[in-house]
Amino acid sequence: MKTASGGAQGLRQIPPMDALLSEGPVAAFFPHLGWDTVKSVLDGALAEERKDILDGRRRESSVSSVLRRALPTLERLKRNSLTPVVNATGVVVHTNLGRSCLAQRAIEEVVAVAGRYSTLEFDRELGRRGHRSDHVEWLLNRVSDSEASLVVNNNAGAVLLVLSGLCAGREVIVSRGELVEIGGSFRIPEILSFSGARLVEVGATNRTHRGDFERAITENTAAILKVHPSNFRMEGFTSVVPRPELAALAQERGILFLEDLGSGTLLDMAPSGLPGEPTVGQCLREGVDLVTYSGDKMLGGPQIGVVAGAKKLVDRLRTCPMLRALRVDKMTLAALEATLRLYLRGQQEEIPTIAMLRAEEGALRRRAVRLAARLKKVLPKARIAVVPVDDAVGGGAFPATNLPGWGVTVAEPALGSANDILTRLREGEYSVVAGARDSEVVLHVRTLLQGDDRRIASAFSGMTAKE
Ligand SMILES: *Cc1c(COP(=O)(O)O)cnc(C)c1O
């Protein structure tokens with residue numbers, strides 16, 4: 001019953017802050033969150049309680065009813081937010097899960113510079129100021145076969161730098177089939193307009209011809225921009241102008257030919273069953289003036305973006321004021337240098353992304369058999385099977401390529417539906433992100449790292465312990 005006097009009485013019951021702060025379960029949060037944060041959460045809980053009483057949703061209040069509101073929030077704030085997860089999705093470059101995992105060597109180099117002073121901008125031979133870019137540019141040039149390279153914060157930044165540094169106030173021609181949006185709000189038309197360049201669209205969504213580009217070139221044209229269509233894929237009646245033809249046209253007409261490669265692989269992945277993506281070096285050899293690509297996709301390193309190609313153009317970009325806003329941190333550079341040195345030495349297998357992409361089916365199957373055996377021990381009544389699965393490169397690379405993998409399916413009605421199990425796997429102490437098919441949870445083994453079998457098993461045993 002909703003009455004004014006009931007409300008007034010309820011309001012009088014609302015406990016004072018002092019009473020709440022002296023409660024044991026509340027005080028336990030002081031060392032983790034500090035007194036002020038705990039108090040502000042309690043303030044919020046008290047305000048909600050008051051509102052519920054005034055609106056008639058609640059008639060009584062007590063210390064325990066306020067704590068029921070506040071404790072889950074305090075618990076959530078106490079836990080670290082950015083934490084490791086087990087990636088059992090089979091998507092190697094998984095943007096939501098942090099894309100590439102660093103090689104052990106890269107991690108060691110990050111740790112080495114993180115807590116100490118370093119040669120970040122110091123030339124130790126001459127004892128004077130150096131450039132932070134010196135550490136990695138020569139390595140990038142070597143492993144990508146480019147004349148010059150420039151490192152920025154990410155590929156979106158690299159594209160923006162190139163367009164604003166070389167094309168602002170002028171026109172940039174892009175095929176309509178490549179005016180894509182790439183997950184996370186990176187839209188080519190918007191980046192172009194933000195850079196100050198003017199977009200000129202040519203061709204139809206499915207087909208663009210050399211003549212389309214030719215007719216669009218005016219005295220105001222700065223460049224032709226080719227864009228990797230990422231996860232957007234067309235089939236059937238399609239046609240794009242080959243890279244060497246666009247390069248020849250751009251050269252003839254005295255304009256730039258730029259390409260946003262997206263993932264930008266340094267290795268030819270065709271022998272590993274991933275055909276169809278040219279390497280960075282190949283694109284440059286085919287006549288692209290400047291390419292841009294990511295560091296944490298196919299390269300398998302930290303989050304960076306690279307502008308690579310003609311030295312004359314890269315040097316022009318070095319003087320752009322925007323470069324200062326896109327610069328990378330020392331930990332990133334340490335990880336990048338170490339990763340590139342693995343390429344230099346031919347030890348790319350030590351890079352998790354590369355090893356996962358090259359994993360052989362037989363090895364994946366054996367790994368799935370081992371995981372299934374482990375899970376049968378913790379889930380004796382569950383239906384567990386080793387099955388072939390479809391994995392994916394992710395990050396927009398090789399969207400058309402099916403990456404055959406192996407996985408383990410789990411169905412255990414006592415733990416709930418597949419969706420219930422997925423939720424509990426995610427919320428466990430060590431979050432496990434998996435897939436589902438019909439009524440079964442699917443654990444893809446390609447993206448598992450060392451120790452993940454044990455983590456998955458303990459996530460399941462944690463669930464059965466709670467039953
Ligand atoms: C991933 C991608 C980007 C964005 O790269 P970030 O490194 O995430 O900034 C841009 N263009 C293409 C084609 C991509 O695939």
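With R₀ fixed at 30 Å, the C-beta to C-beta distance from residue 219 to residue 147 puts the FRET efficiency at about 0.60. Round to a whole angstrom and tell me the spacing of the C-alpha centers of the range 360-378 and the range 146-194. The distance from the Cα centre of the range 360-378 to that of the range 146-194 comes to 43 Å. Charge tally around residue 60: other residues with Cβ under 12 Å, Lys/Arg +1 each, Asp/Glu -1 each, net +2. Distant-in-sequence amide contacts of residue 200, defined by a placed amide H-H separation under 5 Å and a gap of 5 or more residues or a different chain, comprise 172, 173, 174. Dividing the helix sum by the residues of the chain, where each DSSP H run of 4 or more adds -39500 (n - 2.57), gives a mean residue ellipticity at 222 nm of -12500 deg cm²/dmol. Relative to the 2.2 N^0.38 Å rule of thumb, the chain has a C-alpha radius of gyration ratio of 1.22. Packing, taken as the mean count of other beta carbons within 10 Å per residue, orders the peptides 85-95, 372-382 from highest to lowest as 85-95, 372-382. Per-peptide packing, taken as the mean over residues of other Cβ atoms within 10 Å, places 306-314, 418-426 in the sequence 306-314, 418-426 from highest down.
Bear in mind these aren't lab numbers, they're just calculated from the coordinates by the rules spelled out. In this text the structure is predicted, and so the values were computed from the model without any measurement. Glycine also receives a Cβ, built like all others from the backbone with ideal geometry; neighbour counts cover every protein chain displayed.
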